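Below is one structure; the comments refer to it alone.
Where a number appears in this text, it was derived from the coordinates with a stated rule and is not lab data. Since the model is a prediction, treat every value here as computed from it, not as a measurement. All Cβ positions, even for glycine, are placed from backbone atoms using ideal geometry, and neighbour counts span all protein chains on display.
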Amino acid sequence: MGSIVVAEDSALLRAVACRTLIDHGYDVQDAADGIEALELVREHRPDVVLCDLAMPRLDGYGVLEAIKADPAVAETPVVFLTSHTRSDQAAEGLRRGAYDYLRKPFDGVELIARMQAAVRTKRLQDELQRLLSTDALTGLANRRLAEQALTAAIAGGAAGVSVAILDVDHFKSVNDEHGHEAGDDVLKEVGARLRSIAGTDCTIARWGGEEFLIVCERSAKAADLARLAHEAVRGAPFALSSGGTLNVTVSAGWSAWRGEDDDIGGLLRRADIALYAAKEGGRDRVVGPSRAAASA
């Protein structure tokens, strides 16, 4: 059905809400104050937050503001619980970005109806986000999501950020000699092999055309993955949907973040220069920024 965090300082009302939701198939986590609620939201990434407005330590407005400020959970619908006499509070919550509100004491039927609507909205948002951030052919992240991941990694102060750009060698010849369907087969299989070597601290994306981008939160980690990807691609022939197989290789260039004096454009430009050096050096190889500079 969905997952819900219930934040309510009244033990009785919290128990009634949780019991009602659990009886209708929801996975429920509960909190007695706003701080606990935020911890649960960030840990469990629920579909909906059902949140009392007046709570100790952090009130409902504070919970809503913190959720909206966190990109990882910003799209989570927040439904406020409010008393009959304070509808003005609910209106203020809606103005600040809450999804809905429910009056206390609440009716179980109304509670379930509002949660169903909120969960449905969250699922639609998630699907839209998936479509906007996924490359339709390979299933990898698209350029938009890769740029967001790179920006977030740098803004988040990761220990070290690195990128690698990979290009399928002689891809135009694949299309010209075997047809565009074969070209699509190659791109999908490259994507699958890249996905198989990906770690949790990196994003692998289709950067455009026959190019792929690896973004890692650790310095030079992208170089390691580029080497693994290079071997994974050339390690076995590619099966074509039209029949037969094809040997495929990639060229790659990588670069690492240089610190506060660096910028995203420079980081990507150095990786692109290294990729160019890999191609000039005969393709089917991985080149880093030092070798690229030496060959320039």
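Report, in debye and to the nearest 20, how large the dipole of the range 143-295 comes out about its Cα centre when Lys and Arg carry +1 and Asp and Glu carry -1 on their Cβ.
280 debye
From the residues 222, 115, 4, which one has its Cα farthest along the dipole of the chain in the positive direction, the dipole being from +1 and -1 charges on Cβ of Lys/Arg and Asp/Glu about the Cα centre?
222
For the chain, just give the cysteines left without a disulfide-compatible partner, judged by no other Cys Cβ under 4.7 Å.
Isolated Cys, the chain: 18, 51.
Order of 154, 214 from fewest to most other C-beta atoms within 10 Å?
Taking fewest neighbouring Cβ atoms as first place, the list is 154, 214.
Rounded to the nearest 20 Debye, what is the dipole magnitude of the range 3-133 about its Cα centre when Lys and Arg each give +1 and Asp and Glu each give -1 at the C-beta?
Charge dipole of the range 3-133: 300 debye, to the nearest 20.
Over what distance in Å are the Cα centres of the range 105-127 and the range 33-78 separated?
16 Å
Within 10 Å of each residue's Cβ, count the other Cβ atoms and sort 203, 249 from fewest upward.
Ordered by Cβ neighbours within 10 Å, fewest first: 249, 203.
For the range 206-296, taking Cα atoms only, what is the radius of gyration to one decimal and the Dmax to the nearest whole Å?
Taking only Cα atoms of the range 206-296, I get Rg and Dmax of 14.4, 51 Å.
For helix 221-234, report the angle its Cα long axis makes with the longest principal axis of the Cα atoms of the chain; keep it between 0 and 90° and round to the nearest 10°.
Result, in degrees: 60.
What fraction of the Cα pairs in the range 143-295, stated in percent, has a spacing above 19 angstrom?
50 percent
Show me 225-234, 117-126, 276-285 ranked by packing, highest mean number of other Cβ atoms within 10 Å first.
Highest-to-lowest ranking by the protection proxy: 225-234, 276-285, 117-126.
Taking the chain as the reference, fit the longest principal axis to its C-alpha atoms, fit the long axis of helix 264-280 to the helix C-alpha atoms, and give the angle between the two in degrees, 0 to 90, nearest 10.
Taking the Cα atoms of the chain, the angle to 264-280 is about 30 degrees.
Relative contact order of the chain, please, whole-number percent, based on alpha carbon pairs below 8 angstrom and at least 6 residues apart.
Once divided by the residue count of the chain, the mean separation gives 13 percent.
Rounded to the nearest 20 Debye, what is the dipole magnitude of the chain about its Cα centre when Lys and Arg each give +1 and Asp and Glu each give -1 at the C-beta?
Dipole of the chain, to the nearest 20 debye: 280 debye.
Picking from 197, 63, 25, whose Cα lies most toward the positive end of the charge dipole for the chain (charges on Cβ: Lys, Arg +1; Asp, Glu -1)?
197
Using only the alpha carbons, work out the radius of gyration and Dmax of the chain in angstrom.
Over the chain's Cα set, Rg and Dmax evaluate to 24.8, 76 Å.
Give me the compactness ratio for the range 3-133, meaning the Cα radius of gyration over 2.2 N^0.38 Å.
0.97
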